[in-house]
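Read through the structure below, which is laid out as structure tokens, and then see the notes.
The values are calculated or read from the model by the stated rules, or taken from the named source; none is laboratory data. Note that this is a predicted model, so its numbers are computed, not measured. Positions of Cβ are generated from backbone atoms using ideal geometry, with glycine treated the same way; all protein chains shown enter the neighbour counts.
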Amino acid sequence: MPRFRLAIALTGLVLLPAPALAAAPWSEPVTITAASPQVAEQAITIGANGRAVLSARLTTQAQGFPTRGFSRLFGQQADGGFVGRARLVLAAPPVAYGASRLALLRLPLAKGNATSADLDDPATSMGYSFGRCCGPLEVEPGAYRRLTTRADRFSGTIAASARGDVAAAWIEHLPGRDHLVVAVRRPGQPFGRPSVIGGSGFFSSASIAWGANGDLLVAYQRSISRRGRPTDRRVEARVRRAGHSWGAAQRLGASSGFSDISTAAAANGRMVVAWGTQDGGEEANTPWIVRAAVRQAGPHRFRSAQALEVSEGDDERPAGEVAAAMAPDGTATVAWSSIAGASRPHTFPLRAATADASLRFAAPQTLHPNAAAHDVAMDARGTTVVAWSTLAIPGVNQIEQQVFASLRVAGQAAFAAPEAVSPAERAEQPRVALNPQTGRPAVVWVSRLDGVSNRLRYAAR
């Protein structure tokens, strides 16, 4: 599932020519909104009614400094256009459930800035509200309901099942340790009292997913320091099966320093945790390793994690993100970008690997020789779509140029040829969702062309 990332502004760079825009059955991109200096934290979710909701964080500039930022929601109307609504600050992308309901994990409006002070002292109130889309896009008036007063503002994550189960997770920093906290809301009920599901060590990179059967998955990185020993960093998961209490934490595999974690759960109860990991610090000194672990439905543990990639280069950071998704039958797909070449300049091949009923991932397919992976989605029809941005400069992993997507329909073993979604417009961090009514994918991204206000852009297939 997609997570919020801090955007990096880069100017004065000469970009290489982008590949020609291939003929593809995607709509002409439309601009939803614009802001200067920044549009960021873009997201898309689609309800069972087939209407999309987009979100983004907007900031403006006054006397050379960013003003307080805020999030906007944009609801799709019957004619396919979007209407903006709400002025709030999201702690995580909104999630749709039921025919037209939204669950929103929020911060106070005063926390709209993203400054160095916030990084130094991230503790904040965190709460929630609900909304409805679409005809009118509605957010419950005055309905910020607080869950905690001391969340790490960058740690929030939220998930919902189609029937209306909602869960939010976040991290709270205490002297010498962290708490990993989860609050759960069952259909038609308020959120229950938050529960600490991890209370020793230091936590990061929490990811959460609901199964349609009511099972809940939380995965995270946990770091344990003991005097006289190296820090033990690992990726763990806890599962709360429907009608049961939380199961014990299971260690899935090692972390080299930091981990980018993505989770998904299927209607049949199967689950997947995928993560990429590398050493922390200013410079990279270890390979980028991508792993995934699958859990069978029912009272089972995750199987041993499978290494999907160990990069050639150990002196470069990865491009993009690790993204995982599951179809209702439990088929799992993981997408990521590798680091190829023993020395600089590296390339960043985009890979996708799939695990079926065998619970083992097949050899990955390379979808593009040099791109930043960002998102993957699967639906009940068996359609899978991966979205990414090409990289504009050889050896540079942060300058994204053009959005592409590749589809795999049910019954096919391989993804089809890439399709251009956007022009070459400094198009970054695409997010993709599949319309549950039509099976058609839709993508949202941000265009950061020099000399032009940042634009939130949208296209559908």
Of the conditions (1) in contact with a Phe, Trp or Tyr (Cβ under 6 Å, 6 or more places away or on another chain); (2) assigned to a loop (DSSP other than H, G, I, E, B); (3) not polar (S, T, N, Q), Val181 satisfies every one except a single condition; which number is it?
(2)
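So is Ser389 assigned to a loop (DSSP other than H, G, I, E, B), modelled with pLDDT of 95 or more, out of contact with any helix residue (DSSP H, G or I) (no Cβ under 6 Å at 6 or more places or on another chain) and among the hydroxyl-bearing types (Ser, Thr, Tyr) or not? Even if it seems obvious, please write down each step before you answer.
Numbers: assigned to a loop (DSSP other than H, G, I, E, B): no; modelled with pLDDT of 95 or more: yes; out of contact with any helix residue (DSSP H, G or I) (no Cβ under 6 Å at 6 or more places or on another chain): yes; among the hydroxyl-bearing types (Ser, Thr, Tyr): yes.
When the stated conditions are applied, Ser389 does not pass them.
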May I ask you to list the residues in the stretch 296-339 that are crowded, with 24+ Cβ neighbours inside 10 Å and among the β-branched types (Val, Ile, Thr)?
Val322, Thr333, Val334, Ile339
Limited to the stretch 169-193, what total is found for residues that are farther than 21 Å from Arg145 by Cα and in contact with a Ser or Thr (Cβ under 7 Å, 6 or more places away or on another chain)?
1
Is there a residue being in a loop (DSSP other than H, G, I, E, B) and aliphatic (A, V, I, L, M) anywhere in the stretch 426-442?
no
With assigned to a loop (DSSP other than H, G, I, E, B) and within 22 Å of the chain's Cα centre (by Cα) as the only criterion, which of Ala242, Ala284, Ala267 stands out?
Ala267
Only one of (1) more than 18 Å from the chain's Cα centre (by Cα); (2) touching a residue at least 24 places away in the same chain (Cβ under 8 Å) fails for Asp375. Which number is that?
(1)
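Scan the stretch 371-386 and tell me whether some residue there is out of contact with any Ser or Thr (no Cβ under 6 Å at 6 or more places or on another chain), surrounded by fewer than 23 Cβ atoms within 10 Å (Cβ to Cβ) and basic (Lys, Arg). Write out each step before concluding.
Pass one, the stretch 371-386, residues out of contact with any Ser or Thr (no Cβ under 6 Å at 6 or more places or on another chain): 374-375, 377, 379-383, 385.
Add one more test, that the residue is surrounded by fewer than 23 Cβ atoms within 10 Å (Cβ to Cβ), and what stays is 379-383.
Add one more test, that the residue is basic (Lys, Arg), and what stays is 381.
There is at least one residue in the stretch 371-386 that is out of contact with any Ser or Thr (no Cβ under 6 Å at 6 or more places or on another chain), surrounded by fewer than 23 Cβ atoms within 10 Å (Cβ to Cβ) and basic (Lys, Arg).
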Result of the Cβ filter at 7 Å on the stretch 324-338, keeping first residues that are on the phi > 0 side of the Ramachandran plot and assigned to a loop (DSSP other than H, G, I, E, B) and partners that are of a type in the set (S, T, N, Q) and surrounded by fewer than 24 Cβ atoms within 10 Å (Cβ to Cβ), at least 6 apart or interchain, is Gly330/Asn268
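Residue-wise test of (1) farther than 25 Å from Asp314 by Cβ; (2) not in a strand (DSSP E or B).
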| site | (1), (2) |
| --- | --- |
| Ser207 | yes, no |
| Ala212 | yes, yes |
| Arg251 | no, no |
| Thr277 | no, no |
Index of the failed condition, Ala362 passing every other in (1) touching a Pro at 6+ places or on another chain (Cβ under 7 Å); (2) within 23 Å of Pro328 (Cβ to Cβ); (3) at pLDDT 95 or above; (4) of a type in the set (Gly, Ala, Ser)
(1)
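Among the residues of the stretch 125-140, is any at pLDDT 85 or above, assigned to a strand (DSSP E or B) and among the polar types (S, T, N, Q)? Even if it seems obvious, please write down each step before you answer.
If we filter the stretch 125-140 for residues that are at pLDDT 85 or above, which is where we start, we get 125-133.
So of that shortlist, the ones also assigned to a strand (DSSP E or B) come out as 125-132.
Retained after the next criterion (residues that are among the polar types (S, T, N, Q)): 125, 129.
So far as the stretch 125-140 goes, yes, one or more of its residues are at pLDDT 85 or above, assigned to a strand (DSSP E or B) and among the polar types (S, T, N, Q).
Kindly establish whether Leu391 is aliphatic (A, V, I, L, M) and under 19 Å from the mean Cα position of the chain (by Cα).
Numbers: aliphatic (A, V, I, L, M): yes; under 19 Å from the mean Cα position of the chain (by Cα): no.
Here the answer is no, as Leu391 does not meet what is asked.
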Does Ala48 satisfy being part of a loop (DSSP other than H, G, I, E, B) and modelled with pLDDT under 90?
no
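Criterion first (modelled with pLDDT under 95 and either under 21 Å from the mean Cα position of the chain (by Cα) or not aromatic (Phe, Trp, Tyr) (or both)) does Pro318 satisfy it? Lay out the reasoning, then the answer.
Values: modelled with pLDDT under 95: no; either under 21 Å from the mean Cα position of the chain (by Cα) or not aromatic (Phe, Trp, Tyr) (or both): yes.
In short, no.
For the stretch 420-461, how many residues meet the condition of being acidic (Asp, Glu) and over 20 Å from Ala319 (Cβ atoms)?
First pass over the stretch 420-461, keeping only residues acidic (Asp, Glu): 425, 428, 450.
Restricting the remaining residues to those that are over 20 Å from Ala319 (Cβ atoms) gives 450.
Total satisfying the criteria: 1.
For residues in the stretch 217-239 being in contact with a strand residue (DSSP E or B) (Cβ under 6 Å, 6 or more places away or on another chain) and either among the hydroxyl-bearing types (Ser, Thr, Tyr) or not in a strand (DSSP E or B) (or both), which is modelled with the lowest pLDDT? Outline the logic, then answer.
Our first condition is that a residue be in contact with a strand residue (DSSP E or B) (Cβ under 6 Å, 6 or more places away or on another chain); within the stretch 217-239, this holds for 217-224, 231-239.
Right, trim to either among the hydroxyl-bearing types (Ser, Thr, Tyr) or not in a strand (DSSP E or B) (or both) and you get 220, 223, 231.
Numbers: Tyr220: 98, Ser223: 97, Thr231: 93.
Step by step, filter the stretch 217-239, then rank; the result is Thr231.
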What's the number of the only condition in (1) outside any strand (DSSP E or B); (2) buried (at least 21 other Cβ atoms within 10 Å of the Cβ); (3) not aromatic (Phe, Trp, Tyr) that Arg344 fails to meet?
(2)
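For the stretch 436-444, check the following and say yes or no: at least one residue is of a type in the set (Lys, Arg), at pLDDT 95 or above and closer than 17 Å to Glu28 by Cα.
The first filter runs over the stretch 436-444 and keeps only residues of a type in the set (Lys, Arg), leaving 440.
Subsequent filtering for residues that are at pLDDT 95 or above retains 440.
Those still in the list that are closer than 17 Å to Glu28 by Cα too: 440.
Yes, the stretch 436-444 contains a residue that is of a type in the set (Lys, Arg), at pLDDT 95 or above and closer than 17 Å to Glu28 by Cα.
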Which condition breaks for Gly411 when tested against (1) over 24 Å from Ala324 (Cβ atoms); (2) over 20 Å from the mean Cα position of the chain (by Cα)?
(1)
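So in the stretch 148-178, with the set limited to residues that are more than 22 Å from the chain's Cα centre (by Cα) and part of a strand (DSSP E or B), which one is surrounded by the most Cβ atoms within 10 Å (Cβ to Cβ)?
My answer is Asp178.
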It is to be established whether one or more residues within the stretch 218-233 are over 20 Å from Ser259 (Cβ atoms) and hydroxyl-bearing (Ser, Thr, Tyr).
no
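Of the residues Ser200, Ser256, Ser204, Ser225, which single one is without any contact (Cβ under 8 Å) to a residue 40 or more places away in the chain, surrounded by 14 or more Cβ atoms within 10 Å (Cβ to Cβ) and of a type outside the set (Lys, Arg)? Let's see the steps before the verdict.
Values: Ser200 fails: surrounded by 14 or more Cβ atoms within 10 Å (Cβ to Cβ); Ser204 fails: without any contact (Cβ under 8 Å) to a residue 40 or more places away in the chain; Ser225 fails: surrounded by 14 or more Cβ atoms within 10 Å (Cβ to Cβ).
Ser256 is the lone residue from the list that is without any contact (Cβ under 8 Å) to a residue 40 or more places away in the chain, surrounded by 14 or more Cβ atoms within 10 Å (Cβ to Cβ) and of a type outside the set (Lys, Arg).
Considering only the stretch 139-197, how many residues are hydrophobic (A, V, I, L, M, F, W, C), in contact (Cβ under 8 Å) with a residue 24 or more places away in the chain and closer than 22 Å to Ile224 by Cα?
Restricting attention to the stretch 139-197, the residues satisfying the condition of being hydrophobic (A, V, I, L, M, F, W, C) are 139, 143, 147, 151, 154, 158-160, 162, 166-171, 174, 180-184, 191, 196-197.
Remaining after also requiring in contact (Cβ under 8 Å) with a residue 24 or more places away in the chain: 139, 147, 151, 154, 158-160, 162, 166-171, 180-184, 191, 197.
Of the ones still in play, those that are also closer than 22 Å to Ile224 by Cα are 151, 154, 169-171, 180-182, 197.
So the answer is 9.
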